[in-house]
1. What is the dipole size for segment 6-248, taken about its Cα centre, with +1 at each Lys and Arg Cβ and -1 at each Asp and Glu Cβ, in debye to the nearest 20?
2. State whether the chain is rounded, prolate or oblate according to the following rule on the C-alpha gyration tensor (a ≥ b ≥ c being the square roots of its eigenvalues): a/c under 1.5 gives rounded; otherwise a/b larger than b/c gives prolate, and the remaining case gives oblate.
3. If one computes the Cα centroid of segment 79-137 and of segment 215-242, what distance in Å separates the two points?
4. Cα centroids of segment 31-71 and segment 161-213: how far apart, whole angstrom?
5. Report the one residue of Val57, Asn14, Ala81 whose Cα lies farthest in the direction of the positive end of the charge dipole of the chain (charges on C-beta: Lys and Arg +1, Asp and Glu -1; origin at the Cα centre).
6. Which of the lysines could a cross-linker span from Lys55 if the Cα-Cα distance has to be under 29 Å and same-chain partners fewer than 8 positions apart are dropped?
7. When all alpha-carbon pairs of segment 114-157 are counted, what percent fall beyond 18 Å?
8. Measure off 7 Å from each Cα along the Cα-to-Cβ vector at Asp35 and Glu19, then give the distance between these two points in nanometres to one decimal.
Amino acid sequence: MERKQIAAGNWKMNMDYNEGRDLAKAVVSGLQPSDVLVVLGTPYIHLKNINGIIKDVSNIKLAAQNCHQEENGAYTGEVSAAMLKSCGVDFVILGHSERREYFGEDDKLIARKIDIVLRHGMQPIYCCGEKLEVREAGKHEELVGEQVKTALAHLTKEQMAQVVVAYEPVWAIGTGKTATPGQAQQMHKHIRSILREKFGKEVADATSILYGGSVKPGNAREIFAQPDVDGGLIGGAALKASDFLAIADSF
């Protein structure tokens, strides 16, 4: 197994149908050949269309931003893993800090979502991270460790090999506070050590751990240079093709 370098864009609830089409086309046309895996995490309305735009580009993959934990049923407004798979989705972002904050998702629920995504042959991008009060109390490693164990410890080694982890320092997103590359490295190293304890060195060393703390063209190179940082889960900068492409070229 080999660890991948990944630039994953999370569009969140942005881009109408035409804007999303144009952004995806701009990323495809501007992407330089490399070993970096580029992931476009789009709202549901874009999935099928963008799958057609990127289908002939080997290092661009498609991600959904969530899915339901049940196979099917009377869950009005929800989208199942099977539906995502039928649209050509490769990855599913799960446990994002906004899902936790605004929709009350916890790691027991996220674990169920991870299971169903794996069952349908897609790869979870599992998000974890701490708020400001936890960081200031010095409990950040403890909290993130518990998140990771609750969501992932039940997996087999083979299943874990399909999971990408994304660390989000919630305290450094939109607060005016900034996480240093060293702080990112410290937490990524901690997460990898937990994975090593549970799944062994080979799986832990092969797991891509992304940084989700306001990555921009101006800071991406320094952040990605850290030994346990394997790329970024990118929010605002993913909405502008030139910024996103510059980040993807920062490894």
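Read the figures in this text as sums done on the coordinates, not as results from a lab. What you are looking at is a predicted structure, and each value in this text was computed from that prediction instead of being measured. Neighbour counts run over all protein chains shown; Cβ positions are idealised from the backbone, glycine included.
1. Here the size comes out at about 240 debye.
2. Rounded is the answer for the chain, as its axis ratio a/c remains below 1.5.
3. 20
4. 22
5. Val57
6. Qualifying lysines at Cα under 29 Å: Lys4, Lys12, Lys25, Lys85, Lys113, Lys216, Lys240.
7. 39
8. Distance between label points: 3.7 nm.
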